[in-house]
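> Structure in structure tokens, see below.
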Amino acid sequence: MTLLRVESLQKSFGSLNVTRDVTLDVGAGEKHVIIGPNGAGKTSLINQIGGQMTPDGGRVMIDGSDVTRLAPEQRARLGLARTFQKNTLFQRLSVFENVRLGVQARFGNSFDLAQRAAARTDVNARARDVLDLLRLTALAERRVASISYGDQRQLEIAVALAGDPRILLLDEPTSGLSPVETRQLIEIIRALPSHLGILMIEHDMEVVFSLADRITVLYYGEVLASDKPDVVAANERVRDVYLGASF
Amino acid sequence: MGEFVFFLLALAWPFLAGSYGTGLITEALIFAIAAMSLDLLMGYSGLVSFGHAAFFGVGAYALALSGMKLGLNPWLGILVAVMTSALAALIIGYFCVRVSGVAFIMLTLAFAQLLYSAAVKWRGITGGSDGIGGFDRPQIAGLSLNDPIYMYFACLLGFVLSLWLLRRIINSQFGHALVGLRENETRMRALGFSTDRLKLCAFVLSGAFAGFAGALYAIYNSFISPDALSFAQSGMFLLMVVLGGVGSLLGPAIGAAIFLLMKQFVSSHTEHWLAIVGIIFVCCVMFFRSGVYGFLKQWLERGART
Ligand SMILES: Nc1ncnc2c1ncn2[C@@H]1O[C@H](COP(=O)(O)OP(=O)(O)O)[C@@H](O)[C@H]1O
Ligand SMILES: [Mg+2]
């Protein structure tokens, strides 16, 4: 079933068309990877799906219902989660608290003024489970600002997963990571719950072809191709403008 | 431990200090409540309000008017004051939480100025710039707050109660969400938090505590004038919070006490006391970012390690 559908999306900044008639689908359990050169409009697309940016035209749908006019927080409550290309974390809070807030958003009660947050053992337990899954347990009590960039990239994903989403948007999760860290992260992404629909922006072609069920190529805001990896790899135009001689 | 010692000292204070010292600390306790209420917004939610006197003043006027015009028992008057301030904060906050940054600062300032000029112009009700005075102080079981010692203990009780409630709020899931808001609003929204509602709720709570302080202030002075709503008053609350240490609750309470003591002692020696306060403020912002409280805490921790 189609979890997430983007339909004829349009967005321009003045004369710059960052999104031109983009249509794509993400199904449950699908890993859909977006590739394209810098400035192709990949992040802008993710921002429009997440609700951080408003499109000029077209629709974003979750489970077949139109969410184009909904705020980011309303989309999140429908099971949409995301990470950011540039780390967007609670820098002065602990690693644990970062994830705990993500769990609280979905499973806690943020308008409970009386009970101590620490007393919500269910929320805390889930936060610890998520930290375990992302192999961040050893860093739980550290301030985010004091952990390595690679660990922060991992925490980005942990925070997004905290609320047990159904759709996960990942904006270049491996950017700036060492080859070892990248491999680790790929293993983690591979091990994510199988029902999760993932839409992921990625540059590293090895990563792309090892993970993707489906690849969409964006070029100057336009979809050049959107298909199974082998079909995309064989596409003449994609080869010309993006993949180059190596494929 | 340190807090317990402070509390014992506070209990003994009226019997150690004369009536002058008792009055000074009574006032400090009242302003401490107001400063802590502002800290809930500034320090924990990251919302810098330049118009916090609005809620302090509304609480003070509500107490005075509910007694003078409606003949309400002053104990009930305190409750009315808290609720009126909360309502004012709900209305003002409804508009303010929609914007952020400088616009938020400007809007809170504008609303406070609006209330200030209403208090000055609406002479029939508020007495204009002359203010209103001579209303009843509450009494219970023959103990009247006309007695400075009972007034002191009433304010001490109000302070301890406010500190306890505010701490509970800060340790709750709601409080944690406010801190998240302060740290990164984009992420909070992406996680599904209704950030506007959280901010509004913080605004209303903060206004309610400020109104409580305002009511105590009106009772303490048995007088209220538009000064309580003024820009200068809002500025003083800000100074108290920054001086004491943003986001530490107890810090702003200490800041309020230091501010009042400075005002008393410096202003008796020089008329330029505000200039001196300004210099201290600049030093705080430049060299002691965590305020007096943060400085003391660091110093004590360093002492404990060696
Ligand atoms: N808010 C904005 N205002 C103006 N231009 C923008 C804005 N956001 C992105 N752009 C421009 O849109 C283009 C696509 O950016 P982006 O979506 O970040 O590309 P990608 O993620 O594929 O590298 C870039 O040229 C960028 O400068
Ligand atoms: Mg990008």
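The values are calculated or read from the model by the stated rules, or taken from the named source; none is laboratory data. Since this is a predicted model, take the numbers as computed values, not measurements. Please note: Cβ atoms are built from the backbone with ideal geometry, for glycine as well, and neighbour counts cover all protein chains shown. The area values use the complete protein model at the heavy-atom level, side chains included, leaving out ligands, DNA and RNA. Shrake-Rupley method; radii C 1.70, N 1.55, O 1.52, S 1.80 Å.
> Computing the accessible area with a 1.4 Å probe over protein heavy atoms, can you report the carbon and sulfur percentage for segment B:85-127?
76 percent
> Mean projection of the alpha-carbon convex hull of segment B:191-270 over all orientations, in nm²?
7.0 nm²
> Shifting gears a bit: What is the percent carbon and sulfur in the accessible area of segment B:192-306, measuring with a 1.4 Å probe over the protein chains and ignoring ligands?
Roughly 67 percent, rounded to a whole number.
> Using each residue's phi in segment B:145-153, evaluate 6.51 cos²θ - 1.76 cosθ + 1.60 at θ = phi - 60° and report the 3J(HN,Hα) Karplus result to the nearest Hz, with x for Gly and Pro.
6, 5, 6, x, 5, 5, 4, 4, 5
> I've got another one for you. In nm, give the distance between the simple-model label positions of B:Arg98 and B:Asp147, each being 7 Å from the Cα along the Cα-to-Cβ direction.
5.2 nm
> Put +1 on the Cβ of each Lys and Arg and -1 on the Cβ of each Asp and Glu in chain A; which of A:Ser110, A:Phe209, A:Pro165 then has its Cα farthest toward the positive end of the dipole?
A:Ser110
> Placing +1 at every Lys and Arg Cβ and -1 at every Asp and Glu Cβ, with all other atoms neutral, what dipole size does segment A:15-161 have around its Cα centre, in debye to the nearest 20?
Charge dipole, segment A:15-161, about its Cα centre: 360 debye, nearest 20.
> Distance between the C-alpha centers of segment A:165-222 and segment B:205-273? Whole Å please.
54 Å
> What is the sum of charges, Lys and Arg at +1 and Asp and Glu at -1, for the other residues whose Cβ falls under 11 Å from the Cβ of A:Asp151?
It works out to a net charge of +1.
> I'd like the interface area for chains B and A: accessible area of each alone minus the complex, both sides summed, 1.4 Å probe, protein heavy atoms only. What is it in Å² to the nearest 100?
2700 Å²
> Taking amide hydrogens as modeled 1.01 Å from N in the peptide plane, which residues meet the under 5 Å criterion relative to A:Ser175, leaving out close sequence neighbours?
Amide H to amide H, under 5 Å and 5 or more residues apart or across chains, A:Ser175 pairs with nothing.
> If a/c stays under 1.5 just call it rounded; otherwise compare a/b with b/c (prolate if a/b is bigger, oblate if not). Do that for segment B:9-50, with a ≥ b ≥ c from the square roots of the Cα gyration tensor eigenvalues.
The shape class here is prolate.
> Give the carbon-plus-sulfur fraction of the accessible surface of segment A:91-164 in %, rounded to a whole number; probe 1.4 Å, heavy atoms of protein chains only.
That share works out to 49 percent.
> Let me ask another. Where does segment B:157-306 land on the Kirkwood hydrodynamic radius, alpha-carbon pairs, in angstrom?
Every distinct Cα pair counted, the radius reaches 17.5 Å.
> Comparing the chain by itself with all protein chains present, which residues of segment B:185-199 are at least 10 Å² less accessible (probe 1.4 Å)?
So the qualifying set is B:Thr186, B:Arg187, B:Met188, B:Arg189, B:Ala190, B:Leu191, B:Gly192, B:Phe193, B:Ser194, B:Arg197, B:Leu198.
> Among DSSP bridges having both ends in the protein assembly as shown, what percentage is antiparallel? Round to the nearest 5.
Among the beta bridges of the protein assembly as shown, antiparallel pairing accounts for roughly 60 percent.
> Have a look at B:Asp136, B:Asp196, B:Asp147 and tell me which one the Gaussian network model of chain B (Cα, springs below 10 Å) gives the largest fluctuation.
Comparing B:Asp136, B:Asp196, B:Asp147 in the GNM, the peak value goes to B:Asp147.
> Could you check the spin-label model distance between B:Phe231 and A:Asp122? Points 7 Å from the Cα along Cα→Cβ, value in nm.
5.1 nm
> Among B:Pro74, B:Ala118, A:Ile34, whose Cα lies farthest out toward the positive end of the dipole of the protein assembly as shown, if unit charges sit on the beta carbon of Lys, Arg (+1) and Asp, Glu (-1)?
B:Pro74
> With an 8 Å Cα cut-off and a minimum separation of 6 or more residues, compute the relative contact order for chain B in percent.
For chain B, the relative contact order is 33 percent.
> For the pair A:Phe111/B:Ser19, report the inter-label distance in nm, with labels modelled 7 Å from Cα in the Cβ direction.
Reported label-point gap for A:Phe111 and B:Ser19 is 5.0 nm.
> Shifting gears a bit: Can you give me the long-range amide H partners of A:Val67? Hydrogens built in the peptide plane at 1.01 Å from N, cutoff under 5 Å, separation of 5 or more residues or another chain.
A:Val60, A:Met61, A:Ile62
> Now for a different question. With N set to the residue count of the protein assembly as shown, report its C-alpha Rg divided by 2.2 N^0.38 Å to two decimal places.
My calculation over the Cα atoms of the protein assembly as shown gives 1.17.
> Still on this model: Buried by at least 10 Å² relative to the chain on its own: which residues of segment A:75-96 qualify, computing accessible area with a 1.4 Å probe on protein heavy atoms?
Buried by the other chains: A:Ala76, A:Arg77, A:Arg82, A:Phe84, A:Thr88, A:Leu89, A:Phe90, A:Arg92, A:Leu93.
> Per residue, how much accessible area does the protein assembly as shown show when a 1.4 Å probe rolls over the protein heavy atoms, in square angstrom?
44 Å²
> Here is a follow-up. A:Leu3's amide H: which non-local residues (gap 5+, or another chain) put their own amide H closer than 5 Å, with H modeled 1.01 Å from N in plane and none for Pro or chain starts?
A:Val26, A:Gly27, A:Ala28
> Could you grab the Rg to Rh ratio for chain A? Cα atoms only, Kirkwood for Rh.
Value, to two decimals: 0.98.
> Between beta-carbons, use under 14 Å as the cut-off and find the net charge around B:Ser66, counting Lys and Arg +1, Asp and Glu -1.
Here the charged neighbours net out to +1.
> Which longest uninterrupted range of chain A lacks any trypsin sites (Lys or Arg not before Pro) assigned by DSSP to a loop state (not H, G, I, E or B) and surrounded by at most 16 other Cβ atoms within 10 Å?
The longest uninterrupted stretch comes out as A:143-247.
> While we're looking at this one, here's another question. Using the Cβ atoms and a cut-off under 14 Å, what net charge is assigned to the surroundings of B:Ala190, where Lys and Arg are +1 and Asp and Glu are -1?
+2
> To continue, here is another question. Averaging sequence separations of C-alpha pairs under 8 Å and six or more residues apart, then dividing by the length of chain A, give the relative contact order as a whole percent.
In percent, rounded to a whole number, it is 28.
> Continuing with the same structure: Name the residues of segment B:221-262 whose amide N is less than 11 Å from a point 7 angstrom out from the Cα of B:Ala10 along the C-beta direction?
In segment B:221-262, the label zone of B:Ala10 (backbone N under 11 Å from the point 7 Å along Cα→Cβ) covers B:250, B:253-254.
> Please turn the phi angles of segment A:32-44 into ³J(HN,Hα) values with the Karplus equation 6.51 cos²θ - 1.76 cosθ + 1.60 (θ = phi - 60°), one per residue in order, whole Hz, x for glycine and proline.
9, 10, 9, 10, x, x, 3, x, 6, x, 6, 5, 4
> Taking 30 Å² as the minimum loss, tell me which residues in segment B:158-181 lose that much accessible area going from the chain by itself to the full protein complex (1.4 Å probe).
Residues passing the criterion (a loss of at least 30 Å², heavy atoms only) are B:Arg168, B:Asn171, B:Ser172, B:Gln173, B:Phe174, B:His176.
> Just report the Cα centroid separation between segment B:26-88 and segment A:69-89, whole Å.
Each part reduced to its Cα centre gives a spacing of 37 Å.
> Then there's this: Given the -39500 (n - 2.57) contribution per DSSP H run of 4+ residues, what per-residue ellipticity at 222 nm results for chain A, rounded to the nearest 500 deg cm²/dmol?
Using -39500 (n - 2.57) per qualifying helix, the result is -9500 deg cm²/dmol.
> If you average over every viewing direction, what projected area does the convex hull of the Cα atoms of chain B give, in nm²?
It is 17.3 nm².
> What are the ³J(HN,Hα) values, in whole Hz, obtained from phi via the Karplus relation 6.51 cos²θ - 1.76 cosθ + 1.60 with θ = phi - 60°, for each residue of segment A:232-240 in sequence order, with x given for Gly and Pro?
Ordered by residue, 3J(HN,Hα) equals 5, 5, 8, 5, 4, 5, 4, 4, 4 Hz.
> Please give the FRET efficiency for B:Arg302 paired with A:Gln91, using the beta carbon to beta carbon distance and R0 = 25 Å, rounded to the nearest 0.05.
That pair, B:Arg302 with A:Gln91, gives E of 0.50.
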